[in-house]
Amino acid sequence: MGLLRPLTVPLRTIRLEFLIPKRPIRAWALVSLLVLACSAQADAAESVLYRLFLMDGTTLISYGEFARVADRVVFSIPLGDTTESPALQLVSIPQSSVDWERTDRYSDAVRARRYAETRGESDFAGLSSRVTDSLNQIALTSDPSRRLAMALEARSNLARWPSQNFSYRASDVAQLVGMLDEVISELRVAAGQSSFDVSLVANVTPPTAEELLPAPGFRETMEQAVAAAAATSEPTERVSLLRSVAAALQEPALAGGWAAALHARASSELTFELRLDKSYTDLSSSAIAAATARAARGDVIGVQSLVRTVLRTDDRLGRRRPQETAALLAFLDLRLDEARRLRLARDAWVVRLGLFKTYRAAIAPVIDEMRRSTRALESIRQLAGPEPRLLPRLEQRLVMGKLEIAAITPPVELQPAHELLAAAYQMARRAATGRRNAVSSGNMTLAWEASSAAAGALMLLERAGQELDRLTAPPSNR
């Protein structure tokens, strides 16, 4: 007689006599107590359909488990008959829009059914095997206290089963726990303890399960896709959903009825969304181009006016693209900061312009003298001269130029260019002196050293001029 098959006598009339001290052990009774009736189960469905119940009463289908990511709920909504292989559309909606109490209850019920269809029976068979082994050990144990402890452990394992296994066969487990409670009471008496223990009074009756809704048909998936389009705050998801629904209903709509009405609604909403996309795209393109140009001119007021224009346009469009608008405003804020910095730099340049002009006027003769010496320096670089009689005068001019540079104090901003020019004079003087020494000694090594110094002087002179032009030019944001 299987314990969990329909019984011809009440379960409470079955006694575990083999567990009571000084009574004969009946092995067949132990086995008959825990033999489980494994009824045939229908094949589990390939897909598991969950439901998201929204605060406004809308219900959305999730094809498989949904996921909570930050403040969003991400799930796949089926488009078509779920008994076949429907197309899936990834959707995300705000967590705050979901009735989580009901959604979680329904999800637990779905998982419980899935568990029952797949692993429930085999797991329950494993439980029965473990409890049977425990009871066999109890029957073979002579120490009353030890027998009682083992029975209590077996009862605890049974009582935990429903909460850990989606309440699968919880009513059967409750009957078993009740029977074990009676046996434990007698074992307590045999161990010299009170027959009543309040810890044994436990409710293992499963909570009332949420009723599962039937699998949706083609019409319901289409209607829920349109509802999901309204629920999501992501424009790309909304457009994709509406486009998929319109395409799926194109042929069914020819017959009229609900398909024609829903197709017209999806098409209308899709047209509206695409127009919004174009409006926001045009707004972004024009604002970005104008802001870039105005920031390059340091036009702070102009960039600020663009920010106001974007906000007014967004209000007129119903604030339907908050992410795009936020990104555009962030871009404008960067350009506004650039414009302010450029305006400040230009104002500071205007104030310092007089000092720059004074310095350039003072340093101009020194630069001109160095440029007049470039022909001789180029000859030294190429080891091709100049004539020996010209070298002493070249050295003298370069020494004087170095002294003139030292006597000029540049503005702080122009110090790098000033130092480059001083270094150019230093290298030029070394080149002239080295060439003179090479000529007087006929030493080719000294000639090559002079050539290197001349090349360095020419390079430093060019860099000094470029740096001076750059530092004294009006600031720009390039």
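Annotation: amide H-H contacts under 5 Å for Arg51 (H modelled 1.01 Å from N, sequence separation of 5 or more, or interchain): Ser62. Using the Karplus relation 6.51 cos²θ - 1.76 cosθ + 1.60 with θ = phi - 60°, the per-residue 3J(HN,Hα) values for region 170-176 come to 5, 5, 5, 5, 4, 5, 4 Hz, with x marking Gly and Pro. The portion of the accessible surface of region 318-440 made up by carbon and sulfur, rounded to a whole percent, is 56 (1.4 Å probe; DNA, RNA and ligands excluded). Each residue of region 234-240 was assigned a 3J(HN,Hα) from its phi angle through the Karplus expression (A = 6.51, B = -1.76, C = 1.60, θ = phi - 60°), giving 8, x, 5, 5, 5, 5, 5 Hz with x at Gly and Pro.
One entry in (i) 27.2; (ii) 32.7; (iii) 28.4 is Kirkwood radius over Cα pairs in Å calculated from the shown coordinates; its label is (ii).
Projecting the Cα atoms of Ala246, Tyr106, Met370 onto the dipole axis of the chain, where Lys and Arg carry +1 and Asp and Glu carry -1 at the beta carbon, places Met370 farthest toward the positive end. Measuring nothing but protein heavy atoms, the accessible surface of region 45-105 at 1.4 Å probe radius is 50 percent carbon and sulfur. The residues packed around Leu241, meaning those with a beta-carbon under 13 Å from its beta-carbon, carry a net charge of -2 if Lys and Arg are +1 and Asp and Glu are -1.
Of the residues Val48, Val439, Val226, ranked by 1.4 Å probe accessible area with the largest first, the sequence reads Val439, Val48, Val226. The residue list Leu317, Pro392, Ala293 was ranked by how far each Cα lies along the charge dipole of region 289-414 toward its positive end, using unit charges on Cβ atoms, and Leu317 comes out on top. Provide the net charge surrounding Arg308, with neighbours chosen by a C-beta distance below 12 Å and charges set as Lys +1, Arg +1, Asp -1, Glu -1. Summing Lys and Arg as +1 and Asp and Glu as -1 gives -1. So what is the calculated 222 nm ellipticity per residue for the chain, using -39500 (n - 2.57) for each DSSP H run with n of 4 or more, over all residues, to the nearest 500 deg cm²/dmol? Rounded to the nearest 500, it is -22500 deg cm²/dmol.
In this structure, the amide hydrogen of Val73, modeled 1.01 Å from its nitrogen in the peptide plane, lies closer than 5 angstrom to those of Ile93, Gln95, counting only residues at least 5 positions away or on a different chain. Think of a 1.4 Å ball rolled over the protein heavy atoms: the chain then has 54 Å² of accessible area per residue. Only Lys, Arg, Asp and Glu count, each charged at its Cβ (+1, +1, -1, -1), so figure out the dipole size of the chain about its Cα centre, rounded to 20 debye. Roughly 2380 debye, rounded to the nearest 20.
Couplings for region 327-338, taken from phi via the Karplus curve 6.51 cos²θ - 1.76 cosθ + 1.60 with θ = phi - 60°, read 5, 5, 5, 5, 4, 5, 5, 5, 5, 5, 5, 4 Hz in order; Gly and Pro are left as x. Close amide H pairs (under 5 Å, H built 1.01 Å from N) link Ala87 with Leu79, residues at least 5 positions away or on another chain. In the chain, taking the dipole from charged Cβ atoms about the Cα centre, the farthest positive-side position among Leu458, Ala255, Thr445 is held by Thr445.
The values are calculated or read from the model by the stated rules, or taken from the named source; none is laboratory data. For clarity, every value in this text was computed on a predicted model and none was experimentally measured. For neighbour counting, all protein chains shown are included, and Cβ atoms are generated from backbone atoms with ideal geometry for every residue, glycine included. Keep in mind that these areas ignore ligands, DNA and RNA; they rest on the heavy atoms of the full protein, side chains included. Shrake-Rupley method; radii C 1.70, N 1.55, O 1.52, S 1.80 Å.
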